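Novice: Sharing a structure below in structure tokens format, with a few things to ask.
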Amino acid sequence: MAYHGPLGDGTVLPCRRTVLKSALSVGLLTGVGASWATAQDSDRQRWAFETGNAVASSPTVVDGTVFVGSGDGNVYAVDAATGDQQWRAGTDEYVFSSPTVVDGTVFVGSDDGTLYALAAATGDQQWRVTTGDNVTASPTVADGTVFIGSDDGMLYALDAATGDTRWTLDTAGKVASSPTVADGTVFVGGWESVFAVDAATGDPQWTLDATVVSSPTVADETVFITGAGGAVSAVAADSGDPQWTFETNSSLHSSPTIAGDTVFFASLRQIYALDAATGAQRWAFSSGGRSSPTVVDGTVFVGSDDTHLYALRAGVDGSSDGSRVRLGTLGHHGERRTA
């Protein structure tokens, strides 16, 4: 939580002031302190868009529009400047999946077991492909192919224009993580394994026993990782040496993003901004969830379990950088291309 000086192993410890702020955020204290926390949130918030259920989907921002899914079964397009709804497209179940926008098409999965291709301008359906179980993973598009995992244990490669199947891979377990494509290889986490797969053929290249909790991001030769135990860590990309660790005392399902010199992520209780070099807390907003934030031109767009999509002042002027958004994993900014 709040910065109180790193130990030799890079651990960042909470101080007494941090404990007080945590108590305020969960409603254990009232009075002047609680009013102060509310005022800080009000200053941080640009707008809030309300949906009908929790927003675990991670936002994608393209041409002034925020695309995000909600637990109410809808995919929303929201004006990034004002928070006004532009369109809404319904599915039959919870939308955990984060939209990917490529060549004017929004690709997004739903717990109804379907991957949808929607027109970015209107939300009209272009095609849909149904799998054998929930599609909680987020799609990745590369070279005209959509890569998506399903709880039916399959990794799918689909033609981005038509939805036709190019190949499938049986992972023998749920595929809830979002694929990452680099140098002709698809990297994806299954239920108990990480797979490297030839993007053109679907042939496995290697398999690693591991449990994937969230997607890391790499920026400036540093890997930033959120863990299920409630800690965010920074390690050197070339050696894996720890640089710092930040404890939230809350479950973490959000993946981090980097904008300028700041790390942004959400816990189930709060949305955080940390100094990327030291792990020092810069600010926290008293709402949280499982959505991974995306930063565009100094604004943090992030969903919350309190049913809202938030636009928050980032405290930096830049936009998300790092591998997570550059590779289109769990939300991105700027339209991506198939080639």
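The values are calculated or read from the model by the stated rules, or taken from the named source; none is laboratory data. Predicted, not measured: the structure shown is a model, and the values here were computed from it. Quick reminder, even Gly has a Cβ in these numbers, built from the backbone with ideal geometry, and neighbours come from all protein chains shown. Quick note on the areas: whole protein, heavy atoms, side chains included, nothing else; ligands and nucleic acids left out. Shrake-Rupley method; radii C 1.70, N 1.55, O 1.52, S 1.80 Å.
Novice: If you check R282, R290, R326, which single one turns out to be out of contact with any helix residue (DSSP H, G or I) (no Cβ under 7 Å at 6 or more places or on another chain), over 27 Å from A142 (Cβ atoms) and open to solvent by 30 Å² or more (accessible area, probe 1.4 Å)?
Specialist: Checking each option against the conditions leaves just R282.
Novice: Right, something else. Quick one: what pairs do we get from the stretch 319-334, first residue under 17 Å from G260 (Cβ atoms), second part of a strand (DSSP E or B) and open to solvent by 30 Å² or more (accessible area, probe 1.4 Å), C-beta under 8 Å, 6+ apart or different chains?
Specialist: S319/H333; S320/H333; G322/V218; S323/T180; S323/V218; V325/H333
Novice: Could you tell me which of the residues V129, V95 is of a type in the set (V, I, T), in contact (Cβ under 8 Å) with a residue 24 or more places away in the chain, surrounded by 15 or more Cβ atoms within 10 Å (Cβ to Cβ) and assigned to a strand (DSSP E or B)?
Specialist: When all the criteria are applied, what remains is V129.
Novice: Which members of the stretch 100-121 meet the condition of being touching a strand residue (DSSP E or B) at 6+ places or on another chain (Cβ under 6 Å) and either of a type outside the set (A, V, I, L, M, F, W, C) or not in a strand (DSSP E or B) (or both)?
Specialist: Those that are touching a strand residue (DSSP E or B) at 6+ places or on another chain (Cβ under 6 Å) and either of a type outside the set (A, V, I, L, M, F, W, C) or not in a strand (DSSP E or B) (or both): T100, T105, G109, G113, T114, Y116, A120.
Novice: Any idea which of (1) crowded, with 21+ Cβ neighbours inside 10 Å; (2) of a type outside the set (G, A, S); (3) within 19 Å of the chain's Cα centre (by Cα) is the one D151 doesn't satisfy?
Specialist: (1)
Novice: I need every pair where a residue in the stretch 214-235 that is under 16 Å from S251 (Cα atoms) has its Cβ under 6 Å from the Cβ of a residue that is basic (K, R) and surrounded by 19 or more Cβ atoms within 10 Å (Cβ to Cβ), sequence separation at least 6 or different chains.
Specialist: S215/R324
Novice: Here's something else I'd like to know. Suppose we filter the stretch 114-123 for residues that are in contact (Cβ under 8 Å) with a residue 24 or more places away in the chain and either more than 15 Å from F67 (Cα to Cα) or surrounded by fewer than 18 Cβ atoms within 10 Å (Cβ to Cβ) (or both); how many remain?
Specialist: The qualifying residues number 2.
Novice: Name the strands (runs of 3 or more DSSP E) wholly within the stretch 165-250 that hold at least 3 residues that are not aliphatic (A, V, I, L, M)?
Specialist: Filter on the stretch 165-250 gives 165-170, 185-189, 193-198, 204-209, 222-226, 242-247.
Novice: I've got another one for you. With the checklist (1) open to solvent by 20 Å² or more (accessible area, probe 1.4 Å); (2) over 26 Å from V102 (Cβ atoms); (3) not polar (S, T, N, Q) in hand, flag the one item I271 doesn't pass.
Specialist: With (1) open to solvent by 20 Å² or more (accessible area, probe 1.4 Å); (2) over 26 Å from V102 (Cβ atoms); (3) not polar (S, T, N, Q) applied to I271, the lone miss is (1).
Novice: Hey, another quick one. Can you name the condition, by its number, that A219 falls short on among (1) over 21 Å from F301 (Cα atoms); (2) aliphatic (A, V, I, L, M); (3) crowded, with 16+ Cβ neighbours inside 10 Å?
Specialist: (1)
Novice: Can you name the residue in the stretch 293-323 that is among the small types (G, A, S) and part of a loop (DSSP other than H, G, I, E, B) and, of all such residues, is most open to solvent (accessible area, probe 1.4 Å)?
Specialist: Among those that are among the small types (G, A, S) and part of a loop (DSSP other than H, G, I, E, B), it is G315.
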